[in-house]
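Peer 1: Take a look at this one; I'll ask things after.
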Amino acid sequence: MSSIYEKTIINYHLLHPKLQKRYQLDESHTFSGTGTMSEISGGSFLVRMLLKLGVFFRCFFSERGKDIPFTIQNRTCLMNRDHIGIEWNRTFYFKGNKRFFDAIMVYDKKEDRIL
């Protein structure tokens, strides 16, 4: 079975083999990695105050900084009988705080796109 990315990226076969492997996420493949975000910046004071609420939903955070270590885990999940999703779970390690930026991507067969 092909991944949702193989279905929607028109020139998937032209991607570097390591990128193809990276996005080959289906029931039998997962991805885990680590890295360092060179910079997380931006947002006015008001926007950053709103982003503080996102911490409760694991989707936004107000912390900013440079050279922030992170981990990422991608795996498939069954959304319902008809839809398989890909979980993107990213954890950023700020001094004294772990912050999360999670998402689920689902393939929409009717529109041939990822939601």
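Peer 1: Please list, in chain and number order, the residues 5+ apart from Asp102 or on another chain whose amide H is under 5 Å from its amide H, with Hs placed from the backbone.
Peer 2: Cys59, Arg90
Peer 1: With label points built 7 Å along Cα→Cβ from the Cα atoms of Ser62 and Ser32, find their separation and express it in nm.
Peer 2: The answer from the label model is 3.3 nm.
Peer 1: Please give the length that would be gained between Met49 and Thr71 if that part of the chain were fully extended, namely 0.36 nm times their separation in residues minus their C-alpha to C-alpha distance (nm, one decimal).
Peer 2: Gain on extension, Met49 to Thr71, equals 5.4 nm.
Peer 1: What is the magnitude of the charge dipole of the chain about its Cα centre, with +1 placed on the Cβ of each Lys and Arg, -1 on the Cβ of each Asp and Glu, and no other charges, expressed in debye to the nearest 20?
Peer 2: 400 debye
Peer 1: As an exercise, use a Förster radius of 25 Å and the Cβ-Cβ distance of Ile10 and Glu87 to find the FRET efficiency, rounded to the nearest 0.05.
Peer 2: Computed FRET efficiency for Ile10 and Glu87 comes out at 0.55.
Peer 1: Another question, then. Using only the alpha-carbon atoms, how far is helix 45-54 inclined from the longest principal axis of the chain? Give it as 0 to 90 degrees, nearest 10.
Peer 2: For 45-54 against the chain, the angle is about 50 degrees.
Peer 1: Could you pull out the trypsin sites (Lys or Arg not before Pro) across the stretch 1-94 that fall in loop regions by DSSP (anything but H, G, I, E, B) with no more than 14 other Cβ atoms inside 10 Å?
Peer 2: Arg64, Arg81
Peer 1: Same structure again: Please report, for the Cα atoms of the stretch 32-114, the Rg to one decimal and the Dmax as a whole number; what are they, in angstrom?
Peer 2: 15.1, 45
Peer 1: Hey, what do the phi angles of the stretch 4-19 turn into as Karplus ³J(HN,Hα) couplings, whole Hz, using 6.51/-1.76/1.60 and θ = phi - 60°, x for Gly and Pro?
Peer 2: 5, 6, 4, 6, 10, 7, 4, 9, 3, 5, 8, 5, 4, x, 5, 5
Peer 1: Let me ask something else about it. At 222 nm, what value in deg cm²/dmol follows for the chain if DSSP H runs of at least 4 each add -39500 (n - 2.57) and the sum is divided by all its residues, to the nearest 500?
Peer 2: For the chain, the value works out to -4500 deg cm²/dmol.
No value in this document is a laboratory result; all are computed from the given coordinates. As the structure is a prediction and not an experimental result, all values here were calculated from the model. Note: ideal-geometry Cβ built from the backbone for every residue, glycine included; neighbour counts use all protein chains shown.
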